[in-house]
Structures are given as structure tokens and as C-alpha cells.
Amino acid sequence: MASDSHMKPVDPDDTRTMQERMDAGDWYKAGPEQWEAIARASRLCTEYNNTLPFDSAKALALLPEIFGTVGQNVFLREPVKVDFGTNIHWGDNCFANYGLIALDVAPIRIGSGTMFGSNVQLMTPLHPLDPELRAEGWESAAPITIGSNVWVGSGAIILPGVTIGDGAVIGAGAVVSRDVPARAVAVGNPARVIKTL
């Protein structure tokens, strides 16, 4: 997870657009540009979720419209919920069971062969510790990177700034706030490595 040093005061002299700030992982306030992109992603996810039980080929054809990149043989059971979608990148042969939520204010990268149990949450957004800044609507985000052939158990939550190495296993219900090495098994809240495969 991003360190407290990321929680710096907002610079009043920053002249970048809110989108430029968001893309850089800095403090920004969501406005019409962000809400329009979120609404677009929500419409596409709703269409996917409503189509999949009846016509999987038509539903799967929507994935490249929802996500930034989609590898071969990616299958996500409904419902899928995202913020923007375009910041999420899937490798080949990935699977997610029911109820994936991926809030992609920052990039989310998922390696080939990775599988998610039901109700997994991938959470990139960060909010200020300062309540006044929160009340003003400032937020930021830190990316999530998940390697290849990772298994994430049902109900796990991956927090901002986390990297999970290739071949790791995340136990059901784990809350992952720190990086997990390759081929490690991490469980609990907060998740801790209990063995290496």
C-alpha cells in the first residue's frame, strides 16, 4: 500500500487538469470528465452482466470495450463492476468468478493464468487522512500489479499500491495491504505470508 508520504498536502499552484493529476497518481477532484467515463464503464458492465447468462459470445465481445487490454481466453462471471475499466489490463487465460469489483483509478495489471474467486475487490483509490481534504473531495490512487498464475481466494481485498508476485496464492478473505512475493501463500487481515511454494 502507498506510504503516508503519499499523503502530501494539495499544491494550490498546480495548474494541471484533474485528469492529468489523476493519471499521474496525484491528488485530484473528480469532475464531469471522470463521471462521464465512469458512467460509460457502468453502462458497458451492465450490458455485459445482463448479456452473459443468455449469450456468452456477445458478452465476451464487450470485454475489449470495457478494459484497456484483454488477452486471449479471459472469462469473467457476472456481475463485474469497475470505475473506468480502461485502466485494467488482462493477460491470457484469466478467470474471475462472480462479483469482481475493480476500482481502477490507477492502473490494474493482471498477469496470464491468474484466477479470482468470488467477490474479490481490487481497490486502487486513496483518500486523504486529513478530514478537511476528504470533505473537499480530494483523492488519489496507487496501482495494483498481480503477476501470472496467481490464485486470489474468494472475498479477498487487494489494496492500493500492492504488487503480488507470480504464482502466489492469496487466501479467502485476506486483506492485502503489502506486497506479496512470488510463490508465497498469504492469508489473514492484514495478509501475512505463511509459506513459500
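FYI, it's all coordinate maths here, none of it is from the lab. Only a predicted model underlies this, so the values are computations on that prediction, with no experimental measurement involved. Glycine gets a Cβ as well: all are built from the backbone with ideal geometry, and neighbour counts include every protein chain shown.
Structural remarks
- Only Lys, Arg, Asp and Glu carry charge here, each on its Cβ (+1 for the first two, -1 for the last two); on that basis the chain has a dipole of about 840 debye about its Cα centre.
- Isotropic mean projected area of the C-alpha convex hull, the chain (nm²): 10.9 nm²
- In order through region 13-18: 3J(HN,Hα) via Karplus (6.51 cos²θ - 1.76 cosθ + 1.60), integer Hz, x for Gly, Pro: 8, 6, 9, 5, 5, 4
- Label-point gap, in nm, between Asp23 and Phe75 - each point 7 angstrom along Cα→Cβ: 3.6 nm
- Vicinal HN-Hα couplings computed from phi for region 44-60 (Karplus, 6.51 cos²θ - 1.76 cosθ + 1.60; Hz; Gly/Pro x): 5, 5, 4, 4, 4, 4, 7, 8, 3, x, 10, 8, 5, 5, 5, 5, 5
- Aspartates and glutamates with Cα under 15 Å of Lys81, excluding same-chain neighbours fewer than 8 positions away: Glu47, Glu65, Asp104
- Couplings for region 162-178, taken from phi via the Karplus curve 6.51 cos²θ - 1.76 cosθ + 1.60 with θ = phi - 60°, read 7, 10, 10, x, 4, x, 6, 10, 10, x, 4, x, 5, 10, 9, 10, 10 Hz in order; Gly and Pro are left as x.
- Residues whose amide H falls under 5 Å from that of Gly85, counting only those 5 or more places apart or on a different chain, are Asp104, with hydrogens built in the peptide plane.
- Dividing the summed helix terms, -39500 (n - 2.57) for each DSSP H run of n ≥ 4, by the number of residues in the chain produces a 222 nm estimate of -5500 deg cm²/dmol to the nearest 500.
- Ordering of 140-149, 88-97 by packing [mean C-beta count within 10 Å, highest first]: 140-149, 88-97
- Modelled this way, with points 7 Å down the Cα-to-C-beta line, the labels at Ala172 and Ser154 are 0.5 nm from one another.
- Here's how it looks for Arg192: its modeled amide H is under 5 Å from those of Val187, which are all 5 or more places away or on a different chain.
- Computed from the Cβ-Cβ distance with R0 of 35 Å, the FRET efficiency linking Glu136 to Arg40 stands at 0.85.
- Within region 51-189, antiparallel bridges make up roughly 5 percent of the DSSP beta bridges whose residues both belong there.
- Ala168 long-range amide H proximity, modeled H, under 5 Å: Trp151, Arg183, Ala184
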